[in-house]
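One structure is given below, encoded as structure tokens.
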Number of protein chains: 2
Amino acid sequence: MKPVRQVFFVSDRTGITAESMGLALLNQFDNIEFKRATYPFVDTEAKAKEIVALINTAASKCEARPLVFSSIVDENVRKLIKTSAGMHMSFYDAFIGELEDELATEANHSIGRTHGMHDTERYDKRMEAINFALNHDDGITDRELQKADVILMGVSRSGKTPTCLYLALQYGIRAANYPLIPEDLESSELPRMLQPFRQKLYGLTIEADRLHHIRSERRPDSRYASRDNCRREISTAEEMFRRFNIPFTNTTHKSIEELAASIMLAAKLQRRF
Amino acid sequence: MKPVRQVFFVSDRTGITAESMGLALLNQFDNIEFKRATYPFVDTEAKAKEIVALINTAASKCEARPLVFSSIVDENVRKLIKTSAGMHMSFYDAFIGELEDELATEANHSIGRTHGMHDTERYDKRMEAINFALNHDDGITDRELQKADVILMGVSRSGKTPTCLYLALQYGIRAANYPLIPEDLESSELPRMLQPFRQKLYGLTIEADRLHHIRSERRPDSRYASRDNCRREISTAEEMFRRFNIPFTNTTHKSIEELAASIMLAAKLQRRF
């Protein structure tokens, strides 16, 4: 059995940055089991004291002290958290002093900026992209393809929908979704609707066993989900990608974040906010 | 005019962690304009050399050296990046040594773990939550409400859909979406369908001017979008939340990340992966 270590992510905002940095580090240690808990919106000394008590309780119950990853702007709150019995890693402490020196200016030490929506512009761009992904999911019009930043094409259940949504949320990218249906796959042409937009196309493919598994959850024992049909659809789709020089990637062993970042890079897309 | 500073986010994976940490720090400096560029998948020495050249070119063109936030596991790649003329902030350098000491074990220094999909379990949970959010968007069945982790209710365009999607993607939470339509608002009762699930309800509200703006984009000059109607719908919805003790939050000045994290906290939800 692996040794267990408690981990606290403490933030004065959402906790997403502290989690993201902490997990990147913890993923480097395979042989330890980490028990994680996130405490967002710790933005007053009173709340900080509650968290200190929680960390101290955890510390008293375990042999090894807890790890504490924090993202806290207010110095007093940060200092309070550091009085706890955990091991503290604060990227503000690590970098903000250096940055102040480099930029020859003082940090404003005000919270709520990180993921805060300063202007509604950012929100609007994001919503536009989300609505784009939702309206175009599995049903697409020519007029709208013109507005797309990128068009993801692939067989049913190859991962287009979550990737489109992630591109919208994370980068404000308008990603359209073109499902390759059996008629498309029978033809040796690129689907007519896509022909004017070849430079926007990006293909998704997937391993046949994985596709069989995913489709079987939806429609068990169907022809649609059968291993043979999955294999055939995938190999025809990949042929199409190769024939028309459409860049494509295999989604089987990639996370949605990795797919989205790969597509941003390959399609030379710039985030919209 | 604000002084301008170039910023490079360099990562061997998606760049999301480097961006997230870097932006949290940069948001502390209002009086400087940052020109950002992200370079994901920098995982070989050859790619690192290309980035070094880019940073050096930027440095030679500006008075102030570029800032470089990096998230790179491989020591050789990391060292190469640090030979560039930028100012370097690497959270691996800042913390991995301390962590190795604390955990009395060596980091495995292998990449691809951070957002990597190790088991398909994580992907499946995420997809399940996304499909849940999509299937239930603006049309919901009783049987499915039972499966929801949380049910977001609010007037049309109050921010339910993006919040549900973000809860699904970031936390694997199954969030259902219940739009309060005019008939719901005319009644003094809680909508019948929601009555068995009072402990799962969470309300979203919004400022009338903002709602008017959002609805006008969709249906300009309609009764639906009119300021008066927006005001009336919102105040009735808020009365309902108060009458039935439903926790609620105003989405107007919050980002989707903040909304999602607030709901996780208020509804005591645990992430599903």
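Brief remarks follow.
- For the listed peptides B:10-20, A:25-35, A:76-86, a ranking on the average number of other beta carbons within 10 Å per residue, highest first, reads B:10-20, A:76-86, A:25-35.
- Two-decimal Rg to Rh for chain A - Kirkwood Rh, Cα set: 1.09
- Residue-averaged 222 nm ellipticity for chain A, from DSSP H runs of 4+ at -39500 (n - 2.57), nearest 500: -14000 deg cm²/dmol
- Given charges at Cβ of Lys, Arg, Asp, Glu: the protein assembly as shown dipole, positive-most of A:T251, B:A53, A:L54: A:T251
- For A:S90, distant residues with modelled amide H under 5 Å away: A:S70
- Close Lys pairs in region A:120-266 (alpha-carbon distance under 16 Å; sequence gap of 8 or more, or different chains): 4.
- This model, with +1 at the C-beta of Lys and Arg and -1 at the C-beta of Asp and Glu, gives region A:1-158 a dipole about its Cα centre of some 840 debye.
- Its residues counted as N, region A:4-103 yields a C-alpha radius of gyration over 2.2 N^0.38 Å of 1.05.
- Note on A:31-39: average number of Cβ atoms from other chains within 10 Å of each residue's Cβ is 2.
- Within 10 Å of the Cβ of each residue in A:222-233, the mean number of Cβ atoms contributed by other protein chains is 0.
- For region B:58-90 versus region B:175-197, the gap between their alpha-carbon centres in whole angstrom: 54 Å
- For the pair A:N31 and B:R198, a Förster radius of 35 Å applied to the C-beta separation gives a FRET efficiency near 0.20, rounded to the nearest 0.05.
- Max mean-square fluctuation residue, GNM over chain B, Cα-Cα springs under 10 Å, options B:R174, B:R126, B:R219: B:R219
- If the segment from B:E186 to B:E106 were pulled out straight at 0.36 nm per residue, it would be longer than the present Cα-Cα gap by 22.5 nm.
- Remark: spin-label model distance A:D93-A:A46 equals 2.6 nm, labels positioned 7 Å along the Cα→Cβ axis.
- When the Cα gyration tensor is reduced to axis lengths a ≥ b ≥ c, the ratio a/c stays below 1.5 for the protein assembly as shown, which is therefore classed as rounded.
- Ranked by how many other beta carbons lie within 10 Å on average, peptides A:177-186, B:152-161 from highest: B:152-161, A:177-186
- Working from Cα pairs under 8 Å separated by at least six residues, relative contact order for chain B is 14 percent.
- Lysines with Cα under 30 Å of A:K61, excluding same-chain neighbours fewer than 8 positions away: A:K2, A:K35, A:K47, A:K49, A:K79, A:K82, B:K268
- Relative packing of peptides A:207-218, A:190-201, A:60-71 - highest average C-beta neighbours within 10 Å first: A:60-71, A:207-218, A:190-201
Bear in mind these aren't lab numbers, they're just calculated from the coordinates by the rules spelled out. The structure displayed is predicted, hence computed values, not measured ones. Every residue, glycine among them, receives a Cβ derived from its backbone with ideal geometry; neighbour counts consider all protein chains shown.
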